[in-house]
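One structure is given below, encoded as structure tokens.
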Amino acid sequence: AKALLPTFHVDRSTGSKERTDSNLQVLLLGDNRMRDRGVRELAAMLAENQSLTVLGLARNTIGKPGAIALGEALARNRGLVELQLDGNPIRDGGAAAVAAGVAENREFSALRTLWATDCGLGEYGVTALGNLLEVFKDGLLHTLLLEGNPALPADADAANEAWKTLGR
């Protein structure tokens, strides 16, 4: 049985919250100014949810704290296939946290596509995410998008070589 996406109905007259559930599979929240606080709340749901397969968080001003929360959730999530973080300033520390969460869950993670374009990643962040290609040698993670990050060209060359080595 799939875990359901917890959602809440708020009665505005009393302020009471009642939990409801949904089988939502795709949630695209790009350009919603969620920031770290909003994504932390979303990450708490993601840790328990197994029905959501695509989560789009592009351009939401998510920084390192939000990325850390996502990393913690990804360590427990078994259903997410695609995560879109493009255009968020997660920088190296946030990328490392996301990578650590995915790697920790390597036996059960369903993640196949990770968007991290224009995230302010330097050498450390690109390397952390690039190392996921080694963690998932079986080809489960097959699309890692890192364009538009200020990493050194040598880092991009190393990632391309790792990609070729894995037969991608």
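The values are calculated or read from the model by the stated rules, or taken from the named source; none is laboratory data. Bear in mind that the values here come from a model prediction, so they are computed numbers and not experimental data. Backbone-built Cβ (ideal geometry, glycine too); neighbour counts: all protein chains shown. With ligands, DNA and RNA removed, areas are computed over all heavy atoms of the protein, side chains included. Shrake-Rupley method; radii C 1.70, N 1.55, O 1.52, S 1.80 Å.
Top to bottom by accessible area (1.4 Å), largest first, where do Thr113, Thr127 land?
Working: Thr113 20, Thr127 65 Å².
Final ranking, largest accessible area leading: Thr127, Thr113.
Quick one: net charge of Thr117's neighbours, Cβ under 14 Å, K/R +1, D/E -1?
Working: positive: Arg59, Arg91; negative: Glu82, Asp86, Asp118, Glu147.
Its environment carries a net charge of -2.
Please give the per residue accessible area of the stretch 36-86, computed with a probe of 1.4 Å over protein heavy atoms only, in Å². If you can, show how the numbers build up before the last one.
Details: 1840 Å² over 51 residues.
Ligands and nucleic acids excluded, the result is 36 Å² per residue.
Give me a comma-separated list of calculated 3J(HN,Hα) values for the stretch 79-94, in order, Karplus coefficients 6.51, -1.76, 1.60 applied at θ = phi - 60°, integers in Hz, x for any Gly or Pro.
Per-residue couplings from phi come out as x, 5, 9, 9, 10, 10, 10, 4, x, 9, x, 6, 6, 5, x, x Hz.
Considering only protein heavy atoms and a probe of 1.4 Å, how much of the accessible area of the stretch 57-105 is carbon and sulfur, as a whole percent?
Numbers: 780 of 1610 Å².
Carbon plus sulfur share of accessible area: 48 percent.
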